[in-house]
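A.B. asks: First the structure, then my questions, so here it is.
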Amino acid sequence: MTQNSLTKVGVIGAGGRMGRMLVQAIIDNPATTLSATIDHKDSSLIGVDAGELVGVGKLNINLVDNLEQVINDIDVLIDFSLPQATEKNVQVCQQYGKAMVIGTTGLSDEQNALVDNASKEIAIVYAGNYSTGVNLSLKLIEMAAKAFGDTADIEVIEAHHKHKVDAPSGTAYMMAEAAAAGRGQNLKEVAVYGREGQTGARKQGEIGIHAIRGGEIIGDHTVMFIADGEMVEITHKARERMTFAAGAVRAATWAVSQTAGLNDMQDVLGLK
């Protein structure tokens, strides 16, 4: 890819809701061009034009069911799919020397090791959340935790729609991890998940994590630093899911300028 050319991006799972948002985000980004769309072999959308999927007219880019069929058409692959699929896609990208942006959650230790190994040869951005605001919040949370130290109690509160099946959210974990890192703690040793009954007085150094579920909340997260005489709150509220897709596309444009290595969204934003 030449310095002034558009980044050619491929999308895994382009027929799904997140995949379609990624397709739209690539079209909307002036630095990128959609060059390949891939879905699973059982998808009824195989062969459909990607532009028609998102209502922009024909782009002459049809959904295929085999990444290797289009791997030479892309500079970078965005993969928000399932662990087993991502495992195979990482191997293909490593073989062909293509950068990756991974948003798949729930990878096993073995699959994470595979990603780490591949990153020795290709550039990979792997993050649990691609929102610019969330990643800025993580940096601020770590700074606040370091500044307050043990003088403030920390509570993490997250709210999501009623259809979300896991709790707490991955972003809540990321925020709690950032707070723990700022205080030099191991989150596993200090995390408290909700409170009920006779819990006794709050222990110094605890990090409370709480989940709310209801309605169609896309994702609200607040970290409270509660000190004697003052309180600081760092809050992020997601108002549309396209935010995450746009962040992933931003990561894709960054990844193609890297040689190799395993990075996250804070690397992309220059927050490290």
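A.B. asks: Working only within segment 240-257, note down all residues that are surrounded by 16 or more Cβ atoms within 10 Å (Cβ to Cβ) and either more than 18 Å from I74 (Cα to Cα) or not β-branched (V, I, T) (or both). First the steps, then the outcome.
C.D. replies: Step one: filter segment 240-257 for residues surrounded by 16 or more Cβ atoms within 10 Å (Cβ to Cβ), giving 243-256.
Within segment 240-257, T243, F244, A245, A246, G247, A248, R250, A251, A252, W254, A255 qualify.
So that you can scan it fast, the table gives a plain yes or no per residue for (1) without any contact (Cβ under 8 Å) to a residue 40 or more places away in the chain; (2) surrounded by 15 or more Cβ atoms within 10 Å (Cβ to Cβ); (3) touching a helix residue (DSSP H, G or I) at 6+ places or on another chain (Cβ under 6 Å):
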position	(1), (2), (3)
A50	yes, yes, yes
Q69	yes, no, no
I78	no, yes, yes
E87	yes, yes, yes
Q95	yes, no, no
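A.B. asks: In segment 31-53, which residues are of a type in the set (A, V, I, L, M) and within 22 Å of the chain's Cα centre (by Cα)? Walk me through how you get there before you give the answer.
C.D. replies: From segment 31-53, those of a type in the set (A, V, I, L, M) are 31, 34, 36, 38, 45-46, 48, 50, 53; that's our starting set.
Residues satisfying the conditions are A31, L34, A36, I38.
A.B. asks: Go over the candidates Y173, Y193 one by one and state the one that is among the aromatic types (F, W, Y), in contact with a strand residue (DSSP E or B) (Cβ under 6 Å, 6 or more places away or on another chain) and either free of Cβ contacts under 8 Å to residues at least 60 places away in the same chain or in the same structural domain as H161 (by TED's automatic domain parsing) (or both).
C.D. replies: Values: Y173 fails: in contact with a strand residue (DSSP E or B) (Cβ under 6 Å, 6 or more places away or on another chain).
It is Y193.
A.B. asks: Please enumerate the residues belonging to segment 23-54 that are within 16 Å of T86 (Cα to Cα) and of a type in the set (A, V, I, L, M, F, W, C).
C.D. replies: Residues of segment 23-54 that are within 16 Å of T86 (Cα to Cα), as a first pass: 37-41.
The answer is I38, and nothing else.
A.B. asks: Report, by residue number, each residue of segment 2-35 that is on the phi > 0 side of the Ramachandran plot and not assigned by TED's automatic domain parsing to the domain that holds N66.
C.D. replies: First, the residues of segment 2-35 that are on the phi > 0 side of the Ramachandran plot: 13.
The answer is none; no residue qualifies.
A.B. asks: Hey, another quick one. Which residue, of I46, I38, is in contact with a helix residue (DSSP H, G or I) (Cβ under 8 Å, 6 or more places away or on another chain) and either surrounded by fewer than 16 Cβ atoms within 10 Å (Cβ to Cβ) or outside the structural domain of V165 (by TED's automatic domain parsing) (or both)? So that I can check it myself, show each step before the final result.
C.D. replies: Working: I46 fails: in contact with a helix residue (DSSP H, G or I) (Cβ under 8 Å, 6 or more places away or on another chain).
Checking each option against the conditions leaves just I38.
A.B. asks: Kindly list the number of the only condition in (1) outside the structural domain of R17 (by TED's automatic domain parsing); (2) within 27 Å of L269 (Cα to Cα) that fails for T151.
C.D. replies: The one condition T151 does not meet is (2).
A.B. asks: Which number in (1) under 23 Å from I26 (Cα atoms); (2) loosely packed, with under 14 Cβ neighbours inside 10 Å marks the one condition that L262 misses?
C.D. replies: In the conditions (1) under 23 Å from I26 (Cα atoms); (2) loosely packed, with under 14 Cβ neighbours inside 10 Å, L262 misses (2) alone.
A.B. asks: If you don't mind, there's one more thing I want to ask. Condition test on D228, is it closer than 30 Å to V190 by Cβ, charged (D, E, K, R) and crowded, with 19+ Cβ neighbours inside 10 Å?
C.D. replies: no
A.B. asks: Let me ask something else about it. Checking F244 against (1) at pLDDT below 95; (2) in a loop (DSSP other than H, G, I, E, B), only one condition comes out false. Which one?
C.D. replies: (2)
A.B. asks: Filter segment 224-272 down to the residues that are β-branched (V, I, T), under 23 Å from R17 (Cα atoms) and within 13 Å of the chain's Cα centre (by Cα) and list them by number.
C.D. replies: Restricting attention to segment 224-272, the residues satisfying the condition of being β-branched (V, I, T) are 226, 232, 234-235, 243, 249, 253, 256, 259, 268.
Next, only the ones that are under 23 Å from R17 (Cα atoms) stay: 243, 249, 253.
Across segment 224-272, the qualifying residues are T243, V249.
The values are calculated or read from the model by the stated rules, or taken from the named source; none is laboratory data. A quick note: this is a predicted structure, and the numbers were derived from the prediction, not measured. Reconstructed Cβ throughout: ideal geometry from the backbone, glycine too, with neighbour counts over all protein chains shown.
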